[in-house]
Amino acid sequence: MTATRSQLFPVRAGDRRVIGCVCFLLVLAVFVVFGQTVRYDFVNLDDGDYFFSNPRVKAGLTWDGMAWAFGTGCASNWHPLTWLSLKPDYADAHGNLANVLTVQGKLDEAVRECQMTLTLLPSSAQAHFRLGQALEKQNKFAAAVAEYEKPLELDPRHVPAQLALAWLWATCPEASLRNGKQAVALAEQARTLAGIESPTAGYPGSGLCRGRAI
(Lines give C-alpha, C1' and ligand atoms only; values in the text may rest on other atoms or scores of the structure.)
Protein backbone atom coordinates (compact mmCIF):
# COMPACT_ATOMS: atom_id res chain seq x y z
CA MET A 1 0.00 0.00 0.00
CA THR A 2 1.45 3.38 -1.02
CA ALA A 3 1.95 5.85 1.81
CA THR A 4 0.30 9.22 1.49
CA ARG A 5 2.18 12.50 1.62
CA SER A 6 0.76 13.28 5.07
CA GLN A 7 2.04 9.94 6.33
CA LEU A 8 5.53 10.50 4.88
CA PHE A 9 5.76 14.10 6.08
CA PRO A 10 3.53 14.43 9.15
CA VAL A 11 2.76 18.00 10.23
CA ARG A 12 2.23 18.56 13.93
CA ALA A 13 -0.29 21.05 15.30
CA GLY A 14 2.55 23.26 16.49
CA ASP A 15 4.05 23.32 13.00
CA ARG A 16 0.71 24.44 11.56
CA ARG A 17 0.61 27.35 13.98
CA VAL A 18 4.13 28.38 13.00
CA ILE A 19 3.29 28.19 9.29
CA GLY A 20 0.12 30.20 9.87
CA CYS A 21 2.03 32.87 11.79
CA VAL A 22 4.70 33.12 9.09
CA CYS A 23 2.04 33.51 6.37
CA PHE A 24 0.27 36.18 8.41
CA LEU A 25 3.50 38.10 8.98
CA LEU A 26 4.33 37.96 5.25
CA VAL A 27 0.89 39.35 4.35
CA LEU A 28 1.23 42.03 7.04
CA ALA A 29 4.68 43.03 5.79
CA VAL A 30 3.41 43.38 2.22
CA PHE A 31 0.48 45.49 3.41
CA VAL A 32 2.68 47.76 5.57
CA VAL A 33 5.12 48.39 2.72
CA PHE A 34 2.78 48.66 -0.26
CA GLY A 35 -0.38 49.82 1.52
CA GLN A 36 1.16 53.29 1.68
CA THR A 37 0.71 53.63 -2.07
CA VAL A 38 -3.03 54.34 -1.64
CA ARG A 39 -2.00 57.87 -0.61
CA TYR A 40 0.35 58.42 -3.53
CA ASP A 41 -0.50 60.77 -6.36
CA PHE A 42 -0.50 59.94 -10.06
CA VAL A 43 3.06 59.40 -11.29
CA ASN A 44 3.96 61.95 -13.94
CA LEU A 45 7.68 61.55 -14.57
CA ASP A 46 8.10 61.99 -18.31
CA ASP A 47 4.58 62.39 -19.68
CA GLY A 48 5.38 65.98 -20.61
CA ASP A 49 8.42 64.96 -22.67
CA TYR A 50 6.54 62.18 -24.38
CA PHE A 51 3.17 63.82 -24.94
CA PHE A 52 1.69 66.82 -23.15
CA SER A 53 4.51 69.26 -23.80
CA ASN A 54 5.80 67.71 -27.00
CA PRO A 55 4.52 69.69 -30.01
CA ARG A 56 5.95 67.17 -32.49
CA VAL A 57 3.92 64.35 -31.04
CA LYS A 58 0.78 66.43 -30.55
CA ALA A 59 0.93 67.49 -34.20
CA GLY A 60 0.22 63.89 -35.22
CA LEU A 61 1.93 61.82 -37.88
CA THR A 62 3.64 64.25 -40.28
CA TRP A 63 6.73 64.08 -42.53
CA ASP A 64 8.44 66.61 -40.32
CA GLY A 65 7.55 64.58 -37.24
CA MET A 66 8.89 61.38 -38.81
CA ALA A 67 12.22 63.05 -39.61
CA TRP A 68 12.39 64.37 -36.05
CA ALA A 69 11.59 60.92 -34.57
CA PHE A 70 14.53 59.29 -36.35
CA GLY A 71 16.98 62.06 -35.51
CA THR A 72 16.11 63.08 -31.97
CA GLY A 73 17.50 61.99 -28.65
CA CYS A 74 14.63 63.60 -26.72
CA ALA A 75 14.03 62.25 -23.21
CA SER A 76 17.53 60.70 -23.33
CA ASN A 77 16.39 57.95 -25.68
CA TRP A 78 16.58 57.10 -29.36
CA HIS A 79 13.44 55.11 -30.15
CA PRO A 80 11.79 56.46 -33.31
CA LEU A 81 9.11 53.76 -33.47
CA THR A 82 7.93 54.72 -29.98
CA TRP A 83 7.57 58.35 -31.03
CA LEU A 84 5.69 57.37 -34.19
CA SER A 85 3.34 55.07 -32.25
CA LEU A 86 2.11 57.84 -29.93
CA LYS A 87 -1.30 59.04 -31.03
CA PRO A 88 -2.59 62.41 -29.83
CA ASP A 89 -5.94 61.58 -31.43
CA TYR A 90 -6.44 58.38 -29.41
CA ALA A 91 -9.80 59.02 -27.76
CA ASP A 92 -9.49 56.32 -25.08
CA ALA A 93 -6.24 57.85 -23.81
CA HIS A 94 -7.93 61.24 -23.32
CA GLY A 95 -10.87 59.53 -21.63
CA ASN A 96 -8.67 57.59 -19.21
CA LEU A 97 -6.68 60.72 -18.43
CA ALA A 98 -9.91 62.60 -17.73
CA ASN A 99 -10.88 59.89 -15.27
CA VAL A 100 -7.55 60.19 -13.42
CA LEU A 101 -7.73 63.99 -13.35
CA THR A 102 -11.27 63.86 -11.94
CA VAL A 103 -10.13 61.59 -9.11
CA GLN A 104 -7.23 63.97 -8.42
CA GLY A 105 -9.61 66.92 -8.27
CA LYS A 106 -8.06 68.63 -11.31
CA LEU A 107 -11.48 69.31 -12.69
CA ASP A 108 -10.73 72.01 -15.28
CA GLU A 109 -8.17 69.73 -16.90
CA ALA A 110 -10.54 66.76 -16.65
CA VAL A 111 -13.27 68.72 -18.45
CA ARG A 112 -10.85 69.65 -21.24
CA GLU A 113 -9.81 66.01 -21.69
CA CYS A 114 -13.44 64.91 -21.78
CA GLN A 115 -14.20 67.53 -24.40
CA MET A 116 -11.20 66.37 -26.43
CA THR A 117 -12.51 62.81 -26.23
CA LEU A 118 -15.89 63.94 -27.50
CA THR A 119 -14.27 65.92 -30.31
CA LEU A 120 -12.59 62.71 -31.44
CA LEU A 121 -15.49 60.41 -30.62
CA PRO A 122 -18.78 62.35 -30.41
CA SER A 123 -20.89 59.21 -29.98
CA SER A 124 -19.08 58.01 -26.84
CA ALA A 125 -21.64 57.52 -24.08
CA GLN A 126 -18.86 56.97 -21.56
CA ALA A 127 -17.17 60.25 -22.45
CA HIS A 128 -20.42 62.16 -21.86
CA PHE A 129 -20.80 60.34 -18.54
CA ARG A 130 -17.26 61.26 -17.45
CA LEU A 131 -17.83 64.86 -18.44
CA GLY A 132 -21.01 64.86 -16.37
CA GLN A 133 -19.07 63.60 -13.35
CA ALA A 134 -16.46 66.35 -13.67
CA LEU A 135 -19.09 69.05 -14.12
CA GLU A 136 -21.06 67.81 -11.12
CA LYS A 137 -17.93 68.03 -8.97
CA GLN A 138 -17.55 71.63 -10.19
CA ASN A 139 -21.12 72.28 -8.98
CA LYS A 140 -22.22 72.98 -12.56
CA PHE A 141 -25.35 70.96 -12.01
CA ALA A 142 -27.41 72.01 -15.03
CA ALA A 143 -24.54 71.17 -17.38
CA ALA A 144 -23.98 67.88 -15.52
CA VAL A 145 -27.63 66.90 -15.96
CA ALA A 146 -27.37 67.61 -19.68
CA GLU A 147 -24.26 65.43 -19.97
CA TYR A 148 -25.81 62.59 -17.97
CA GLU A 149 -28.82 62.63 -20.29
CA LYS A 150 -26.70 62.26 -23.43
CA PRO A 151 -25.37 58.76 -22.63
CA LEU A 152 -28.95 57.61 -22.18
CA GLU A 153 -29.81 58.90 -25.65
CA LEU A 154 -26.86 56.97 -27.07
CA ASP A 155 -27.24 53.91 -24.84
CA PRO A 156 -30.48 53.62 -22.84
CA ARG A 157 -28.95 50.75 -20.84
CA HIS A 158 -26.04 52.82 -19.47
CA VAL A 159 -26.63 52.03 -15.79
CA PRO A 160 -23.91 54.33 -14.29
CA ALA A 161 -25.43 57.32 -16.11
CA GLN A 162 -28.91 56.33 -14.96
CA LEU A 163 -27.80 56.18 -11.33
CA ALA A 164 -25.80 59.41 -11.51
CA LEU A 165 -28.69 61.29 -13.07
CA ALA A 166 -31.22 59.79 -10.66
CA TRP A 167 -29.09 60.78 -7.69
CA LEU A 168 -28.60 64.30 -8.99
CA TRP A 169 -32.33 64.72 -9.66
CA ALA A 170 -33.04 63.52 -6.11
CA THR A 171 -30.37 65.47 -4.22
CA CYS A 172 -29.33 68.46 -6.34
CA PRO A 173 -28.67 71.59 -4.22
CA GLU A 174 -30.45 73.60 -6.93
CA ALA A 175 -34.13 73.01 -6.25
CA SER A 176 -35.13 73.89 -9.80
CA LEU A 177 -33.23 70.84 -11.08
CA ARG A 178 -34.68 68.34 -8.61
CA ASN A 179 -37.24 65.89 -9.94
CA GLY A 180 -38.10 63.25 -7.37
CA LYS A 181 -40.56 61.31 -9.52
CA GLN A 182 -38.14 60.94 -12.41
CA ALA A 183 -35.29 60.16 -10.01
CA VAL A 184 -37.15 57.20 -8.51
CA ALA A 185 -38.31 55.93 -11.91
CA LEU A 186 -34.80 56.09 -13.38
CA ALA A 187 -33.21 54.43 -10.34
CA GLU A 188 -35.77 51.62 -10.54
CA GLN A 189 -34.96 51.20 -14.22
CA ALA A 190 -31.25 50.95 -13.39
CA ARG A 191 -32.01 48.37 -10.70
CA THR A 192 -34.00 46.29 -13.17
CA LEU A 193 -31.25 46.44 -15.79
CA ALA A 194 -28.70 45.37 -13.19
CA GLY A 195 -30.87 42.35 -12.36
CA ILE A 196 -31.28 43.11 -8.66
CA GLU A 197 -34.47 41.88 -7.00
CA SER A 198 -34.81 44.63 -4.40
CA PRO A 199 -33.11 47.90 -3.46
CA THR A 200 -31.70 46.31 -0.31
CA ALA A 201 -30.14 43.33 -2.10
CA GLY A 202 -26.74 44.87 -2.67
CA TYR A 203 -27.88 47.65 -4.99
CA PRO A 204 -29.22 50.52 -2.88
CA GLY A 205 -29.52 53.17 -5.61
CA SER A 206 -33.29 53.17 -6.08
CA GLY A 207 -33.99 52.92 -2.36
CA LEU A 208 -31.73 55.87 -1.59
CA CYS A 209 -33.22 57.96 -4.38
CA ARG A 210 -36.72 57.16 -3.17
CA GLY A 211 -35.81 58.23 0.34
CA ARG A 212 -34.22 61.47 -0.87
CA ALA A 213 -37.06 62.25 -3.23
CA ILE A 214 -39.81 61.91 -0.65
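The values are calculated or read from the model by the stated rules, or taken from the named source; none is laboratory data. The structure displayed is predicted, hence computed values, not measured ones. No Cβ is skipped: glycine too gets one built from the backbone with ideal geometry, and neighbour counts run over all protein chains shown.
Here are the numbers:
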read-out	value
Residue match in region 31-40 (condition: of a type outside the set (V, I, T), surrounded by 10 or more Cβ atoms within 10 Å (Cβ to Cβ), more than 21 Å from the chain's Cα centre (by Cα) and at pLDDT below 80)	no
Selection status of S85, loosely packed, with under 10 Cβ neighbours inside 10 Å and over 30 Å from A142 (Cβ atoms)	no
Residue selected from region 120-132 under the condition more than 13 Å from the chain's Cα centre (by Cα) and modelled with pLDDT of 90 or more, by the criterion farthest from P88 (Cα to Cα)	G132
Cβ-Cβ under 8 Å pairs, at least 6 apart or on other chains, region 61-80 side touching a residue at least 40 places away in the same chain (Cβ under 8 Å), far side surrounded by 14 or more Cβ atoms within 10 Å (Cβ to Cβ) and in a helix (DSSP H, G or I)	none
Any chance L165 is aliphatic (A, V, I, L, M), assigned to a helix (DSSP H, G or I) and modelled with pLDDT under 90	no
Single unsatisfied condition, D64 versus (1) within 27 Å of L135 (Cβ to Cβ); (2) surrounded by fewer than 18 Cβ atoms within 10 Å (Cβ to Cβ); (3) at pLDDT 80 or above	(1)
Qualifying residue in region 154-166 (condition: touching a residue at least 40 places away in the same chain (Cβ under 8 Å) and touching a helix residue (DSSP H, G or I) at 6+ places or on another chain (Cβ under 6 Å))	yes
